[in-house]
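A.B. asks: The structure follows.
No lab work stands behind these numbers, since they all come straight from the coordinates. In this text, all values refer to a predicted model and were calculated from it rather than measured experimentally. We place every Cβ from the backbone using ideal geometry, glycine too, and count neighbours over all the protein chains shown.
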Amino acid sequence: MEDLQVQRGEILVPAAPVVENLPLGAAQTSSGRISAVRFLDEPVEKLPFDKDDLIRLDDALTFGTRTTGVKFTIYLGELGDNANDRAFDLLDSLDDPDHSALIAVSPGERKIEVVSGAAVVGKVGDRICQLGVTAAVPAFREGKLIDGLVAAVKVMSAAARPVGH
């Protein structure tokens, strides 16, 4: 069986028209976004972020993880009615959920949840998670998704670092 990859994280636009006759493996979500699987060797026509944005985000995630020991992860996609439960489910699906902090964002639903694993809750507790949300929201309001994600990771990793670093 060939590996499939789910395409996630597209920036959503409101009031999208219903798309008829979607290809096999594709579905239109309630927000209007098309969610589809593709083969790993299949070219991607349009990624949600450009290369420079991805580098900025990767740098923030790498720096945050190296300086704190917390494995920062970002999820972009629908969170549903109980966003907090969904965020914890997503956290639990990670390779090392106990040492991870997850920033889950659903642009179309205008929701953000930040949760952390059991082993890092002392470093990234409710107060630090709220700092991440507070750092992200102003950029999100301006439609700058990458800026908000980078700000959240930077603020959280700065607050989670041991004193003297």
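A.B. asks: Based on the Cβ-Cβ distance from ALA27 to ASP50, what FRET efficiency comes out when R0 is 30 Å, to the nearest 0.05?
C.D. replies: 0.70
A.B. asks: Also: What number comes out for the charge environment of GLY148, summing +1 per Lys or Arg and -1 per Asp or Glu over other residues with Cβ under 9 Å away?
C.D. replies: That works out to 0.
A.B. asks: Among LEU79, ALA160, VAL105, which residue has its Cα positioned farthest towards the positive end of the charge dipole of segment 51-160, with +1 placed on the Cβ of Lys and Arg, -1 on the Cβ of Asp and Glu, and the dipole taken about the Cα centre?
C.D. replies: Of the options given, the answer is ALA160.
A.B. asks: Additional query: Beta carbons within 10 angstrom, averaged per residue: use that to sort the peptides 116-123, 152-159, 79-86, highest first.
C.D. replies: Put in order of decreasing packing, that is 152-159, 116-123, 79-86.
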